[in-house]
Amino acid sequence: MHLAERRHPTERLLKMSRPLRDIYAALFLDCPSGISLLSENVLRAADVVIVPLVPTPLSVRMLIQLRDFVVSEGWSDVTLLPFFSMVDRRRALHQELIASAREQFPTMLATEVPYSSQIERMSVRRAPLPACAPKSDPARIYGALWAEIRACLEAAPRPAVAAANSRYPESDEALQHARM
């Protein structure tokens with residue numbers, strides 16, 4: 001989709017996603033970090049934005065810019081759910097950044113995804129952890145992360161049609177698989 005060539009390019013994804021609300025309880029879109037025409041479309045169409053952060057000053061700065069952008073656009077109905085990924089609690093900088101970011105962002109998810117070679121191997125295997133390492137610690141952590149995200153999604157105000165089907169059954173299967 002060539003958004004820049006369309007009339008009202010920042011509203012295009014919102015218009016395209018509206019009919020999907022009648023069918024799906026949740027629609028997940030992935031986009032690179034930073035403010036661009038694509039990310040602006042995703043933000044405009046989103047109710048909740050899940051923001052993975054590597055505990056680095058640049059990532060935290062990006063989150064601050066993202067929050068400021070959402071506020072400046074007046075999108076008070078968009079909830080940001082940041083969480084830390086690739087965490088190494090042995091590093092003092094990681095500990096300091098995480099503590100500081102948690103003070104600045106009260107909606108920061110509690111679950112932290114640690115740095116793990118098993119997680120890195122997911123891209124090589126082209127399979128999620130519940131499929132290739134279902135009993136691993138990282139799979140359990142991702143299960144806990146999804147449970148926390150799901151609780152936030154179910155608590156967030158949503159359109160009446162989507163709210164009627166507020167369960168996420170496919171996630172329940174993944175969680176059960178990860179707990180085995």
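The values are calculated or read from the model by the stated rules, or taken from the named source; none is laboratory data. What you see is a predicted model, and the numbers here were worked out from it, not measured in a lab. Cβ sites come from the backbone with ideal geometry, for glycine too, and all protein chains shown count toward neighbours.
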Could you tell me how many of the residues in region 114-136 are in contact (Cβ under 8 Å) with a residue 12 or more places away in the chain and of a type in the set (S, T, N, Q)? 3
Given the conditions (1) modelled with pLDDT of 80 or more; (2) in a loop (DSSP other than H, G, I, E, B); (3) surrounded by 12 or more Cβ atoms within 10 Å (Cβ to Cβ), and given that SER33 satisfies all but one, which numbered condition is not satisfied? (1)
LEU66 - would you say it is part of a strand (DSSP E or B) and surrounded by 13 or more Cβ atoms within 10 Å (Cβ to Cβ)? no
Of all the residues that make up region 71-86, how many are surrounded by 14 or more Cβ atoms within 10 Å (Cβ to Cβ) and more than 16 Å from the chain's Cα centre (by Cα)? 1
Return the pairs, sorted by first residue and then second, in which the second residue is in a helix (DSSP H, G or I) and at pLDDT below 75, the first residue lies in region 21-38 and is more than 22 Å from LEU58 (Cβ to Cβ) and of a type in the set (Asp, Glu), the beta carbons are less than 9 Å apart, and the residues are 6+ apart or on different chains. ASP22/VAL161; ASP22/ALA162
Across region 2-30, the tally of residues that are surrounded by 10 or more Cβ atoms within 10 Å (Cβ to Cβ) and either in a helix (DSSP H, G or I) or at pLDDT 70 or above (or both) stands at 20
Can you tell me which residue in region 114-155 is surrounded by the most Cβ atoms within 10 Å (Cβ to Cβ), limited to those that are hydrophobic (A, V, I, L, M, F, W, C) and in contact with a His (Cβ under 9 Å, 6 or more places away or on another chain)? ALA139
